[in-house]
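**Student:** Pasting in a structure now, in structure tokens, and then I'll have a few things to ask.
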């Protein structure tokens, strides 16, 4: 087993390399790695740093979905648990977006406790990226749509961390106030 600090550091490094050059939605042309760092930090805070594999999976949660990274590679380099958590958080990109969204809502209550925490942290980060001080009509519509859908997903993920649940609720309030 890799020591905890090294596990998180190596996950961050792999995530940075695999997402190099990618930008995230919202917040202008922000590097995608900022999203992964935010998710990992939310998980580290929620667990008070006690679960390095969860934080590593937070760094890596989009690598299979967005890059040529495989489950086997993650299991070999990190651990079986890290690989399983990432797979649980990976959408089937061959499906149309409405179907992927529906599956996230349906699957959320059946995820492992760790995957539920990653999902909540991911939604907090994604809502926050969509909040702008002077949003256009399209940006307001996107924020309202994403927030409503995220609430449905998170409804199936609650009760693993009071702090994450509260942070999500605060972000939803902030999003609604900016509409």
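**Student:** Suppose we filter segment 11-39 for residues that are touching a residue at least 24 places away in the same chain (Cβ under 8 Å) and surrounded by fewer than 17 Cβ atoms within 10 Å (Cβ to Cβ); how many remain?
**Tutor:** Going through segment 11-39 one residue at a time, the tally reaches 4.
**Student:** Specify the residue that is farthest from residue 138 (Cα to Cα); the eligible residues are those in segment 41-52 that are touching a residue at least 60 places away in the same chain (Cβ under 8 Å) and surrounded by 18 or more Cβ atoms within 10 Å (Cβ to Cβ).
**Tutor:** Only one residue fits best here, namely 51.
**Student:** Another question, then. For segment 80-111, give me each residue that is out of contact with any helix residue (DSSP H, G or I) (no Cβ under 6 Å at 6 or more places or on another chain) and under 30 Å from residue 2 (Cα atoms).
**Tutor:** Scanning segment 80-111 gives 80, 84, 92, 110.
**Student:** Can I ask one more? Is it fair to say residue 84 is closer than 27 Å to residue 47 by Cα, at pLDDT 95 or above and surrounded by fewer than 17 Cβ atoms within 10 Å (Cβ to Cβ)? So that I can check it myself, show each step before the final result.
**Tutor:** Details: closer than 27 Å to residue 47 by Cα: yes; at pLDDT 95 or above: yes; surrounded by fewer than 17 Cβ atoms within 10 Å (Cβ to Cβ): no.
No, not satisfied.
**Student:** Right, next: I need a count of the residues in segment 58-100 that are under 27 Å from residue 145 (Cβ atoms) and in contact (Cβ under 8 Å) with a residue 60 or more places away in the chain.
**Tutor:** 2
**Student:** For residue 119, state whether it is under 15 Å from the mean Cα position of the chain (by Cα), assigned to a helix (DSSP H, G or I) and either in contact (Cβ under 8 Å) with a residue 60 or more places away in the chain or within 17 Å of residue 61 (Cβ to Cβ) (or both).
**Tutor:** For residue 119, the condition - under 15 Å from the mean Cα position of the chain (by Cα), assigned to a helix (DSSP H, G or I) and either in contact (Cβ under 8 Å) with a residue 60 or more places away in the chain or within 17 Å of residue 61 (Cβ to Cβ) (or both) - is met.
**Student:** Okay, moving on. Can you tell me how many residues within segment 145-173 are farther than 17 Å from residue 35 by Cα, touching a helix residue (DSSP H, G or I) at 6+ places or on another chain (Cβ under 8 Å) and surrounded by 12 or more Cβ atoms within 10 Å (Cβ to Cβ)?
**Tutor:** Count: 13.
**Student:** Related question: For the subset of segment 1-21 comprising residues that are in a loop (DSSP other than H, G, I, E, B) and out of contact with any strand residue (DSSP E or B) (no Cβ under 9 Å at 6 or more places or on another chain), which member is farthest from residue 37 (Cα to Cα)?
**Tutor:** 1
**Student:** Sticking with this structure for a sec: Going by the structure shown, is residue 127 surrounded by 19 or more Cβ atoms within 10 Å (Cβ to Cβ), modelled with pLDDT of 95 or more and in a helix (DSSP H, G or I)?
**Tutor:** Working: surrounded by 19 or more Cβ atoms within 10 Å (Cβ to Cβ): yes; modelled with pLDDT of 95 or more: yes; in a helix (DSSP H, G or I): yes.
Spelling it out, residue 127 is indeed surrounded by 19 or more Cβ atoms within 10 Å (Cβ to Cβ), modelled with pLDDT of 95 or more and in a helix (DSSP H, G or I).
**Student:** Is it the case that some residue within segment 92-102 is buried (at least 17 other Cβ atoms within 10 Å of the Cβ) and either part of a helix (DSSP H, G or I) or touching a strand residue (DSSP E or B) at 6+ places or on another chain (Cβ under 8 Å) (or both)?
**Tutor:** For segment 92-102, residues buried (at least 17 other Cβ atoms within 10 Å of the Cβ) and either part of a helix (DSSP H, G or I) or touching a strand residue (DSSP E or B) at 6+ places or on another chain (Cβ under 8 Å) (or both): present.
The values are calculated or read from the model by the stated rules, or taken from the named source; none is laboratory data. Remember, it's a predicted structure, so these values are computed and weren't measured experimentally. For neighbour counting, all protein chains shown are included, and Cβ atoms are generated from backbone atoms with ideal geometry for every residue, glycine included.
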